[in-house]
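Here is the structure we will look at.
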Amino acid sequence: MHLWRPWIVVGLLAAAAGQAAVVYKWIDADGVVHYSDQPAPGAEKIAMGASSERTGTSFGAQNVTATIAAPKKAPSSPQDYTQFEIASPVPDETFTGNAPVNAHLNLNPSLLPNHAITWYLNGSPVADQSSESVNITLKDLARGSYSIAATVVDSESGESRSTEGVTFYVREPSMLSPQHK
């Protein structure tokens, strides 16, 4: 939107009202800016030139309303996240025993509307996960090395963004360990 448009509208309203005007400005639920000589709920009063009381101009006969469409926000993209990384597990972290592995995705701003998260373990989607959760718990992982990553997909545009994979390890306790019982 051009910055000069609202001033043209205000100028036209003032001229149409006969040099003196009180103009009301408000934004509706759709983000459209309105200017009128009649008050509306939540409208801001803007005085233009001499007041109507001094000039005797009657605004009741006129109902001049101008509408300027506010610029629509571009649909949010997965590229709009300023923070997008796997926070846990940390790279090369080792888990011992049968403890669950908790994974967390740092996401800022929080998950946007129409976006869904898919978690991947060794390149395959993790089953039984919420598409809105930045946390998952991996249970009963066998001994070995694993790579975890996450992808956010915009269901409207189909755009996606994926994290770098984080490698972690699961080890079983040694039978010779004094802590093994």
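Would you please give the residues with an amide H less than 5 Å from that of Gln38, counting only those at least 5 places away or on a separate chain, with H modeled from the backbone geometry?
Under 5 Å from the amide H of Gln38: Tyr24.
Got a sec? Which residues in the stretch 135-178 would a label at Val90 touch, if it sits 7 Å along Cα→Cβ and we count backbone N under 11 Å?
none
Sum up the charges of everything whose Cβ sits under 15 Å from the Cβ of Tyr120, counting Lys and Arg as +1 and Asp and Glu as -1, but leave Tyr120 out. Walk me through the intermediate numbers first.
Numbers: positive: Arg161; negative: Glu85, Asp128, Glu164.
Surrounding charge for Tyr120 is -2.
Report the antiparallel proportion of the DSSP beta bridges in the stretch 78-171 as a percent, rounded to a multiple of 5. Numbers along the way, then the final one.
Values: 26 of 30 bridges.
Approximately 85 percent, going by the DSSP bridge assignments.
With Cβ to Cβ distances under 9 Å as the rule, what net charge do the other residues near Pro78 carry (K, R +1; D, E -1)? Walk me through the numbers on the way to the answer.
Working: positive: Arg161; negative: Asp80, Asp154, Glu159.
So the environment of Pro78 carries a net charge of -2.
If you take the square roots of the eigenvalues of the alpha-carbon gyration tensor of the stretch 78-171 and sort them as a ≥ b ≥ c, do you get rounded (a/c under 1.5), prolate (a/b over b/c) or oblate? Could the numbers behind the result be given before it?
Values: a/c = 2.33, a/b = 1.98, b/c = 1.18.
Prolate shape, in that a/c is at least 1.5 and a/b is the bigger ratio.
What are the ³J(HN,Hα) couplings of the stretch 95-109, residue after residue, when phi is run through the Karplus curve with 6.51, -1.76, 1.60 and θ = phi - 60°? Round to Hz, x for glycine and proline.
Values, residue by residue: 10, 10, x, 9, 6, x, 9, 9, 10, 9, 9, 6, 9, 9, x Hz.
Between Ser110 and Leu176, take the C-beta separation as r, use R0 = 35 Å, and let me know the FRET efficiency to the nearest 0.05.
Values: r = 47 Å, r/R0 = 1.34.
The calculated FRET efficiency here is 0.15.
Bear in mind that the values in this text are calculations on the coordinates, not laboratory data. Everything numeric in this text was worked out from a predicted model, so none of it was measured. Glycine gets a Cβ as well: all are built from the backbone with ideal geometry, and neighbour counts include every protein chain shown.
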